[in-house]
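Data first, discussion second: the structure below is written as structure tokens.
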Amino acid sequence: MELNLARISIRLASPVMRYSIKNIIFDFGGVICNIDVKITEKRFAGLGFKSDDGKSLAAATKLFEDIETGALGSQHFRDELKKHFILPVSDAQIDEAWNALLLDIPEPRIRLLEELRDHYRILLLSNTNEIHYLCYVEKFRKQYGYARFDELFEKAYFSYRLGLKKPSPEIFRYVLNDSMLDPSETLFIDDTLMHVEGARNAGLHAYHLATDQGEQIMDLFQKNT
């Protein structure tokens, strides 16, 4: 299994030779796990979330930033978020609504990653928080039998543990240094353009996965010829 460079070269900012990529760093939400933020917006609105437009989460953006960098712990996040609701809400209600955006982890994506381990060093880099992490790692365990992401990837990096988040080039430099990766031999794949640009600013090859057009990671690889 190898990269289909004929397909991906159009959106790579720098040329890459066929056999120069030895390491691949994957985003999680949107790339491996399907997500839909609108579902969480609707669940919060149904619980009486206060915002200017009645449904968006913009009123609590700073809280979301802080929990993803670990500046807020899970319980502190819940307590602060409760202040944005008209009526009292429980921790369980917040967690259910907050986790509602996490959808399925399609099997073909996991089988691809399992095969890629024989050809590349594969890693995970995700902007996430402890509440989401505990939710999807449990889904992952039940569906595929992996107790930890590190069993599928060489190493998994999460923003809330590092105190850094994408698109900051610093988080990419941290991963490169920690796993001793050569950026010229490393490809980062993400469905958010500004994250891709952050990776490029750190010297990596980076590909913007067009999930809004139905593109999936399976489309980027082909069987060895």
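The values are calculated or read from the model by the stated rules, or taken from the named source; none is laboratory data. Bear in mind the structure is a predicted one, so any value in this text is a computation, not a measurement. Glycine gets a Cβ as well: all are built from the backbone with ideal geometry, and neighbour counts include every protein chain shown.
For Asp190, are the conditions met, namely being in contact with a helix residue (DSSP H, G or I) (Cβ under 8 Å, 6 or more places away or on another chain) and at pLDDT 95 or above? Here the answer is yes, as Asp190 does meet what is asked.
Does Lys166 satisfy the condition of being within 30 Å of Gln93 (Cβ to Cβ), surrounded by 21 or more Cβ atoms within 10 Å (Cβ to Cβ) and within 17 Å of the chain's Cα centre (by Cα)? Working first, answer last.
Working: within 30 Å of Gln93 (Cβ to Cβ): yes; surrounded by 21 or more Cβ atoms within 10 Å (Cβ to Cβ): yes; within 17 Å of the chain's Cα centre (by Cα): yes.
Spelling it out, Lys166 is indeed within 30 Å of Gln93 (Cβ to Cβ), surrounded by 21 or more Cβ atoms within 10 Å (Cβ to Cβ) and within 17 Å of the chain's Cα centre (by Cα).
Does Leu187 qualify as being of a type in the set (A, V, I, L, M, F, W, C), over 18 Å from Thr128 (Cβ atoms) and assigned to a helix (DSSP H, G or I)? Against the criterion (of a type in the set (A, V, I, L, M, F, W, C), over 18 Å from Thr128 (Cβ atoms) and assigned to a helix (DSSP H, G or I)), Leu187 does not qualify. In the set Pro88, Pro108, only one residue is modelled with pLDDT of 90 or more, over 28 Å from Val196 (Cα atoms) and surrounded by fewer than 17 Cβ atoms within 10 Å (Cβ to Cβ); that residue is Pro88.
For the subset of segment 76-85 comprising residues that are touching a strand residue (DSSP E or B) at 6+ places or on another chain (Cβ under 9 Å) and part of a helix (DSSP H, G or I), which member is modelled with the lowest pLDDT?
Start the filter on segment 76-85 by keeping residues that are touching a strand residue (DSSP E or B) at 6+ places or on another chain (Cβ under 9 Å), which leaves 81, 84-85.
Still in the list and also part of a helix (DSSP H, G or I): 81, 84.
Working: Leu81: 91, His84: 87.
Looking at the filtered set, the residue picked out is His84.
The lone criterion from (1) of a type in the set (A, V, I, L, M, F, W, C); (2) at pLDDT below 95; (3) farther than 20 Å from Ser20 by Cα left unmet by Leu116 is number (3).
Counting only helices (runs of 4 or more DSSP H) wholly contained in segment 1-75, the ones carrying 2 or more residues that are modelled with pLDDT of 90 or more occupy 37-46, 61-68.
On inspection, Tyr136 qualifies as touching a strand residue (DSSP E or B) at 6+ places or on another chain (Cβ under 8 Å), touching a residue at least 40 places away in the same chain (Cβ under 8 Å) and either among the polar types (S, T, N, Q) or in a helix (DSSP H, G or I) (or both).
For (1) polar (S, T, N, Q); (2) assigned to a helix (DSSP H, G or I); (3) free of Cβ contacts under 8 Å to residues at least 24 places away in the same chain, each residue gets a yes or a no:
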site: Asp150; (1), (2), (3): no, yes, yes
site: Ala156; (1), (2), (3): no, no, no
site: Ile171; (1), (2), (3): no, yes, no
site: Tyr174; (1), (2), (3): no, yes, yes
site: Gly198; (1), (2), (3): no, yes, no
site: Tyr207; (1), (2), (3): no, no, no
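Out of Tyr120, Tyr146, Tyr207, one residue alone is touching a Phe, Trp or Tyr at 6+ places or on another chain (Cβ under 6 Å), aromatic (Phe, Trp, Tyr) and under 22 Å from Ile105 (Cα atoms). It is Tyr146. Which members of segment 139-156 meet the condition of being among the small types (Gly, Ala, Ser) and surrounded by fewer than 15 Cβ atoms within 10 Å (Cβ to Cβ)? Of everything in segment 139-156, those that are among the small types (Gly, Ala, Ser) and surrounded by fewer than 15 Cβ atoms within 10 Å (Cβ to Cβ) turn out to be Gly145, Ala147.
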